[in-house]
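Student: Pasting a structure below so you can have a look.
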Amino acid sequence: MKMEKKLPDKVKKNLLDLNYNKYLQYFNTSIILFFTYIIAVLVGFITKQIDYTNPGQMIMVAIVSIMVITVLLLLMQRFRWHQNIILKEIRKLKL
């Protein structure tokens, strides 16, 4: 995070807090999307919209699930990393 040295530490902390909250919202949204996807797939199986005996459908569900879950997990990891960096920056401030 590059900020101007001229800003007082309180202002820097407020800006860092805003960034932290932004990444926290992204992280929470990723979790919601992850569970929503899992529930949607389960509902598809329960209502028999997805036929588990059809290999073509199961391959497509598996491929899409792997892609969606991988992307969401990578994003969650990245958002958590940003949050940790921001916390370290806040700790460095002289308040």
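Student: Working carefully through the options 66, 31, find the one that is touching a helix residue (DSSP H, G or I) at 6+ places or on another chain (Cβ under 9 Å) and in a helix (DSSP H, G or I).
Tutor: Of 66, 31, the one residue that is touching a helix residue (DSSP H, G or I) at 6+ places or on another chain (Cβ under 9 Å) and in a helix (DSSP H, G or I) is 31.
Conditions (1) within 19 Å of residue 90 (Cα to Cα); (2) surrounded by 11 or more Cβ atoms within 10 Å (Cβ to Cβ); (3) free of Cβ contacts under 8 Å to residues at least 12 places away in the same chain, marked per residue:
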residue	(1), (2), (3)
6	yes, no, yes
14	yes, yes, yes
19	yes, yes, no
23	yes, yes, no
31	no, yes, no
43	no, yes, yes
47	no, no, yes
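Student: Can you tell me how many residues within the range 2-51 are farther than 19 Å from residue 75 by Cβ and not β-branched (Val, Ile, Thr)?
Tutor: Summing the residues that are farther than 19 Å from residue 75 by Cβ and not β-branched (Val, Ile, Thr) in the range 2-51 gives 22.
Coordinate-derived values only; no laboratory data. Model, not experiment: these values are computed from the prediction. All Cβ positions, even for glycine, are placed from backbone atoms using ideal geometry, and neighbour counts span all protein chains on display.
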